Amino acid sequence: MKKLLLSIFAFCVTLSSFANITLNGIDYTIDTLSMYPAGPGSMFYELRMLRASNGAGRLDCWLMTVDTKNPYVTIEEVLGTGKIIGTERPSAMAARSTTDTKIFFGGTNGDFFVTQGDVGLPVGLTVVNSEFAHTPSAATSRRVGGVDEDMKGVLATNISYSFNLVTSNDTLKIHHVNYKRGENELVLYNQHNASTTLTNAYGTELQAELLPGERWQTTGDMKLKITDKQQNVGSMPLSEGKVVLSGHGTMATALDALNIGDEVIVSMSLLFDGKEVDMAQCIGGDTYALIVNNGQVEQSNFWNENHPRTAFGTSEDGTVQYFLVLDGRGASTGCTTKILGEIIHYYGAYKAVNWDGGGSSCLYVRNLGPMNNGSDGYERACGNGMFAVANVPEADTVIASIAPYMPIYSLPRYGVALPKFLGYNKYGIMIDTDVQGVKLSCAPELGEILEDGRFFASGEKGGTLYAKLGDITTELEVRLMTSAPIAIRLDSVLCDAAHPYTVEVQGFVGNATIDLLASALSWTSLDPEVATVDETGAVVGVKNGSTWVVGQLGDFKDTILVNVEIPTAHKMIWDDFRVVENWTLKGSSGFNPTLSVPEDASAPVNMLFNYKSARSPYVQFAREAPIYSRPDTIRIQMHTDAIFSKIYATVRANNAIQGINITIEPNQAGDVTLDIPVEECFGTDVAIYPLHFELVKMFLNTSTEVGEHYVALPGIQLLYGDADETDVDNVLSSQSTAKFIENGQLFIQRNGKIYTVLGTQK
């Protein structure tokens, strides 16, 4: 459990001092938790917004900005599974589409989509790589967003489109693209539809391809040549680079007049807000207004419910694209589309559209995966997505630059930090998410670099922290703060003689946490005969018992209760089952398990039970109690004449609400051993102790003979490494840190330098 005590120290990890934003009339503070390039011409931001007044209400946001003026960057839509029908996770869309020289490095989910029948079919207008992929009848009632052929963002409130097939003798209306063909309709199909047109046999279909020098576009005339023809067959195959013109009824009759080798013109017109546009990529949004239009946030026609949200926006000149996802239905409350518009407008969007939200909301960054916490608890498969793409001349895996996850660190004096760095190739593509071997340096006025490579904020003012990897360099700004809470992390700790524990001291600002160097404090054990503490804050148990350890620095003072339990042997029996009332036995109906305690103290206790045929037959013994000290392994041994298909033990860490199950599958009678390696199962955090035993549940293999059976239980063993090592002096650590008082003032001496309590060098 954390404790917050006021002190003279503070820290935060933020882009700057907390910025402010007003959302629907309510003031919020913005904490920038991380900020770094996601790829060429792009920046990624992890943002947390808290209500400034009472702290009630939290919004977690993930934002990626993309400058499409960058010569390597394009924006591209990806259809789930590559077709208009089907769903796929955004991360899988990006991975499937990525090659060595075309990298889909970040993006979001896109349009609302059909969830029954043709699952994944986009609800709105869809354009992929300058081709219409889907033109549903209701598309004009929805807002749209995407980029044109110049990679400039284009968003619209009102859309319309028209298509015609022009032959030597006639002009025929094309009713749809990749839409179910109706009576007397002419529909154009391309590779985005499916492997075939999916049409019935009541029509005529012509396959056609572009003439040399022609390209697909959403506005303009395209010349094609007919390459194949079939009548009354249906489901004509579709392939990349070719289209099929499919007619029914009167339109089939009109197509019958055309033959292989004939040249035709497909004329297309797409209007956004009354202006013809040639779109490269386009995704539909909802039926409400654009959430930001011409620099103004929509104030009346919006979705007035709090949900997870996804938005796409563009700058006034169209050269910067904005991808925004906001979490909801959890710690983050979600928001209305008005608030979504206020957020994306705050960061620079001149126009923005609301895309599919809820469990579909996902912002993906290559090599890091989905960045937000989806409300489903996992990344949902969606109908389509929009992505930033790096188009480079060659594959390159050499790190050419590095960047920290945050360019600014705000720390308390005596705070320690080890910045994490990302690595990028010469094109700006992220190729390493945890660059190793980065060396830090700084001026003495700022602090020093510890032997383990961490930065120690021992200086008297902020400054620049330098990072170097070979010939590659970067910088971080460090700001020293002067007021905020700090505390010892734990209220209590379980110690022994073999595992020195250095008391963890932390600082708190907002939702951020950082370690302070424990050796900056003065430490005292109130009972050194139970546990000692050295000048670095390292605690070692001496004998069984409890005592308080006190840490003090200036006006700050905090305590931690140290409970000491020292093993007396390498192997100890925690419980031998002889105190029957400590145990609760259960089993399937009619099993009636009992404990039989023999008079011979050396003989094991037997659990007796009557096996009957049952669904998932089992027996179990349970005792909720703390386990002694800090064992390396918990061993449960037994000998039985029954055959168990599965046995699991449930043990709970002290800092956990629920226990974890450790399972074996013996499937044979005789000797059975279930070992629980503590660190492997629970980790190394000292807060896991004491461990709490809960139960052992044993499922019988139905090949076990019906009747009476036994499980001999010699006792639950605890195995301790170095349990015989009791010389405390040999395990105490030492550091070159000392403290002294001069003229009533406390000074700290470290590595030959002397500092005041506030970090000023003497």
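Of note:
- When every residue of the stretch 154-171 is checked against the conditions, at least one turns out to be under 31 Å from the mean Cα position of the chain (by Cα) and not acidic (Asp, Glu).
- Odd one out for residue 572, checked against (1) at positive phi; (2) hydrophobic (A, V, I, L, M, F, W, C); (3) not in a loop (DSSP other than H, G, I, E, B): (1)
- Flag for residue 597 being on the phi < 0 side of the Ramachandran plot and at pLDDT below 95: yes
- Any chance residue 563 is closer than 26 Å to residue 691 by Cβ, surrounded by fewer than 18 Cβ atoms within 10 Å (Cβ to Cβ) and modelled with pLDDT of 95 or more: no
- The lone criterion from (1) in contact with a Ser or Thr (Cβ under 7 Å, 6 or more places away or on another chain); (2) surrounded by 17 or more Cβ atoms within 10 Å (Cβ to Cβ); (3) over 26 Å from residue 702 (Cα atoms) left unmet by residue 672 is number (3).
Residues are listed down the side, and each one gets a yes or a no for (1) in the same structural domain as residue 426 (by TED's automatic domain parsing); (2) crowded, with 24+ Cβ neighbours inside 10 Å; (3) in a loop (DSSP other than H, G, I, E, B):
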site: 75; (1), (2), (3): no, no, no
site: 81; (1), (2), (3): no, no, no
site: 91; (1), (2), (3): no, no, no
site: 96; (1), (2), (3): no, no, no
site: 108; (1), (2), (3): no, yes, no
site: 116; (1), (2), (3): no, no, yes
site: 120; (1), (2), (3): no, no, yes
site: 173; (1), (2), (3): no, no, no
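- Residue match in the stretch 215-228 (condition: out of contact with any strand residue (DSSP E or B) (no Cβ under 7 Å at 6 or more places or on another chain), farther than 26 Å from residue 341 by Cα, modelled with pLDDT under 95 and not aromatic (Phe, Trp, Tyr)): no
- Checking residue 607 against (1) hydrophobic (A, V, I, L, M, F, W, C); (2) crowded, with 19+ Cβ neighbours inside 10 Å; (3) under 30 Å from residue 549 (Cβ atoms), the condition it does not meet: (3)
- Exclusive hit being more than 12 Å from residue 107 (Cβ to Cβ), out of contact with any helix residue (DSSP H, G or I) (no Cβ under 7 Å at 6 or more places or on another chain) and buried (at least 23 other Cβ atoms within 10 Å of the Cβ), set 341, 358: 341
- Residue list for the stretch 397-421, restricted to those being touching a Lys or Arg at 6+ places or on another chain (Cβ under 6 Å) and either under 14 Å from residue 481 (Cβ atoms) or in a loop (DSSP other than H, G, I, E, B) (or both): 400, 405, 410, 418
- When residues of the stretch 320-338 are limited to those that are in a loop (DSSP other than H, G, I, E, B) and out of contact with any Cys (no Cβ under 9 Å at 6 or more places or on another chain), the one surrounded by the fewest Cβ atoms within 10 Å (Cβ to Cβ): 331
The values are calculated or read from the model by the stated rules, or taken from the named source; none is laboratory data. Source: prediction; values computed, not measured. Glycine also receives a Cβ, built like all others from the backbone with ideal geometry; neighbour counts cover every protein chain displayed.
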